[in-house]
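The values are calculated or read from the model by the stated rules, or taken from the named source; none is laboratory data. This one's a predicted model, so the numbers in the text were calculated from it and none came from an experiment. In this analysis, Cβ positions are derived from the backbone assuming ideal geometry, glycine residues included, and neighbour counts consider all displayed protein chains. For the accessible areas, the whole protein counts, side chains as well, though only heavy atoms, and no ligand, DNA or RNA atoms are used. Shrake-Rupley method; radii C 1.70, N 1.55, O 1.52, S 1.80 Å.
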Amino acid sequence: MTTCVMYLESQKAKMIGFSAFSELASTEVDIEKIDENTYYSNLADSLEATSEVLILGPDNEKGAFRRWILKNRRALGRKVVAVLPAKNISKEIAKTYRNKYLR
């Protein structure tokens, strides 16, 4: 996965990854929230292989994760292109955001 659109809600995250050679989503991952630090650590681990990340969500969770990244995984913070509000996610919506914000 080279680029990733991550959608964060209060209790779970959905990641839709795209390869450099395809317009189709190559990977979809759902991660459930158990405790905040483990949750954020698992999310960050799953983003290590990406070159760019777009973080979406309807509430403050996306901003809290961005702050966690900047505090705990600064190198990963350089991969975050934007943190944007969104009410829902699908492969089509993720593809639209990817085309607009990611390379």
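Figures for the structure shown
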read-out	value
Solvent-accessible area per residue, Å², over the chain with all protein chains present [probe radius 1.4 Å]	56
Overall Cα dimensions of the chain, principal axis frame, Å, largest first	34, 27, 19
Net charge dipole size for the chain [Lys, Arg +1 and Asp, Glu -1 on Cβ; Debye, nearest 20]	480
Spin-label model distance (nm) - LYS71 vs GLU48, 7 Å beyond Cα toward Cβ	2.2
Positive-end extreme of charge dipole, the chain - chosen from ALA49, LEU70, ALA86 (charges on Cβ)	LEU70
Estimated FRET transfer efficiency (GLU36, THR2; beta-carbon r; R0 25 Å; 0.05)	0.35
Inter-site label distance for ALA64 and GLU9 at 7 Å from Cα along Cβ, in nm	1.6
Accessible carbon and sulfur surface of the chain relative to its total accessible area, %, 1.4 Å	50
